[in-house]
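Please read the structure below before turning to the comments.
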Amino acid sequence: MSDELPDAGQVEDYTQAQMAALLKKFDEDKAALTKNQKAAVARYNFKKNKGMDIVFADSPGAAEAKAAAATKPAAAKPAASTGTSAEDILKTLPAELQALAAKDPAELSKDEKIALAKAKSQAMRAASAAKKAAEGPPPEDVAHDKALGFEHAKHLQERFGDALAKWQMQTDKPYAVVKVDRVRDLVRYLRIEMGFDQIRDLTACDYPERTTMEVVYNFSRHRDHAHLAVKVILPRPASQDAELPEVPSIMGIYPGADWLEREVYDMYGIVFNGHTYLKRLLLPEGWTGWPLRKDYDLTKEQFVGLSETGEDIVSFRSEDGW
Amino acid sequence: MAKLITQIGDVDAVPPEQDPNIILTSVDKLLKWGRSNSLWPLGFGLACCAMEMFATIGSHYDIARFGSEVFRSSPRQADLIIVPGTLTKKMAPRVKKLWDQMPEPKWAIAMGACASCGGPYQNSYSTVLGVDKVLPVDVYVPGCPPRPEMLLEGLMRLQEKIRNDPTISPGLERYLKGSKS
């Protein structure tokens, strides 16, 4: 059977049927394959695991893809230079800066040079951003599609689509934004049905400019190292004293979330409904305020002392401390 | 031997033919010399500096060369507190308590940038900016964290300080007062 298969290292050199045969052969008798064929199997598996598009020799568009790959180094250069060449950039600058640029660099003063360089880099950035925008769909859509390219993400979208607001990528891992009232359902499903057996982290972020707070859950499962992040977006309280935002606790589903939730409560003042022992984890009991929120006032120093029975006393007066 | 004698007493007062059989010194000087070479530190650590402290205790750097290998687990048996690491506000009253439980005479070494001045945790909600806000520090050892050599240097400076202390030893003063009455 090995004779029928081409001795080539690229996935594109195989038809779909040939690849299936190659994979079967790989499972049965690895030693009979050539080095190139093994490389093709490895490339195929890599692409499959990463959720990339796989182009076979007989699939439509294969010829173009192959041609593009062959001419890539040559074609990339002129494409990059259009719209971002030095002359084009100069044309977008204001008139006085254009005049400066036309002069001999030795004649320019230091300030002029700096101004020119700044304007140039700004224009360059704007040009590359515009180019990127013109080239394809917005990056959010690309990330959404990429996130759903993961098998577990797709499965979750099919099962819990109504509870999920959006899908995005967090570097190379997918994350979903889930509605607050469905958190516990979704997390239970992740743990019991999908086999995510570890909660890697549970933390929060404060975004004053978006007036939101986020609780971020990171799950993974040991059997295939799949990773999934889930975020809950909450309205941000107007001040440190305002009513605290609430999310359901997942402590009953992942016992490991116990202290993580307490820490988030301690630092951000997010209440986890259903937590059995929601007390400050690191700071002393009587502490005022939520220190990792952006509006925490560092100028009001707090002091900690010990009572006769060994309990912490927190006070704004320095004489009460240590 | 000559170095040892200068640490204890006045070597020039001894006639050369009798050296080294006779050492002239005062009781106070002898006490200080003894104390400086038998500092018993409190076995206690706060942060990463403690790791360097453990390395100093270990056989490679060997703090026993300076008579300080007896790390006590009770403050009542220790006369030196090395504060190795970041002091948080929650920990501060506990450290103060340990310090208060140590019997006189006692000394303190602030080990590392955090214990000396708060280190990188300026503008933090939780950090005490320097252990000297809680207890009187004799020697500050800079570094983040200081290498074991640095801590040993700090210990030697403390020994020097104890030996050259111009005041009379507290215990001796009490003894002398008691014998007079």
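Of note:
- The three principal axes of the Cα atoms in region A:141-283 give end-to-end lengths of 43, 33, 25 Å, sorted in falling order.
- Beta bridges by DSSP in region B:67-165, antiparallel share as percent, to the nearest 5: 10 percent
- Normalising by residue count, region A:105-205 has a Cα convex hull of 172 Å³ per residue.
- Unit charges on C-beta of K, R, D, E only; dipole of region B:40-163, Debye: 440 debye
- For region B:40-163, averaging the sequence separation of C-alpha pairs within contact (under 8 Å, six or more residues apart) and dividing by the residue count gives a relative contact order of 26 percent.
- Cβ-Cβ distance of B:Leu24 and B:Glu104, R₀ of 41 Å, FRET efficiency by 1/(1 + (r/R0)^6): the value works out to about 0.90.
- The modelled label-to-label distance between B:Arg163 and A:Ala242, using points 7 Å beyond Cα along the C-beta direction, is 6.5 nm.
- With eigenvalues of the C-alpha gyration tensor scaled by 5 and rooted, chain A, Å: 48, 38, 17
- Under the Debye formula (equal points on every Cα, no solvent term), log10 I(q)/I(0) of region B:40-163 at q = 0.10, 0.13, 0.17, 0.21 Å⁻¹: -0.26, -0.45, -0.78, -1.22
- Entries in A:Lys132/A:Lys173; B:Lys32/B:Lys90; A:Lys300/B:Lys90; B:Lys32/B:Lys177 that, when Cα-Cα distance is taken, lie over 25 Å: B:Lys32/B:Lys90
- Between B:Lys97 and B:Arg72, the FRET efficiency estimated from the beta carbon spacing at R0 = 25 angstrom works out to 0.95.
- Ranked list, fewest to most other Cβ atoms within 10 Å of each Cβ, for A:Cys205, B:Cys114: A:Cys205, B:Cys114
- Set of lysines with alpha-carbon distance to A:Lys110 below 18 Å, sequence-local pairs under 8 removed: A:Lys118, A:Lys120
- Among B:Ile63, A:Ala21, B:Met156 - extreme Cα towards positive end, dipole of the protein assembly as shown, charges at beta-carbon: B:Ile63
- Stokes-Einstein translational diffusion, region A:205-322 - Kirkwood Rh over all Cα pairs, 0.692 mPa s, 37 °C, in µm²/s: 204 µm²/s
- Dipole of region A:238-321, positive end: most advanced residue of A:Trp290, A:Ala242, A:Leu260 [Cβ charges, Cα centre]: A:Leu260
- Violating pairs (Cα-Cα greater than 23 angstrom) within the set A:Lys25/A:Lys47; B:Lys29/B:Lys96; A:Lys294/B:Lys97; A:Lys35/A:Lys154; A:Lys47/A:Lys154: B:Lys29/B:Lys96; A:Lys294/B:Lys97; A:Lys35/A:Lys154
- Fully extended contour minus Cα-Cα distance, from A:Lys47 to A:Asn273, at 0.36 nm per residue: 77.1 nm
- Amide H contacts under 5 Å for A:Thr212, placed H, 5+ residues apart: A:Tyr207, A:Arg236
Bear in mind that the values in this text are calculations on the coordinates, not laboratory data. Quantities reported herein were computed from a predicted structural model and do not represent experimental measurements. Using ideal geometry, Cβ is built from the backbone for each residue, glycine included, and neighbour counts are taken over all protein chains shown.
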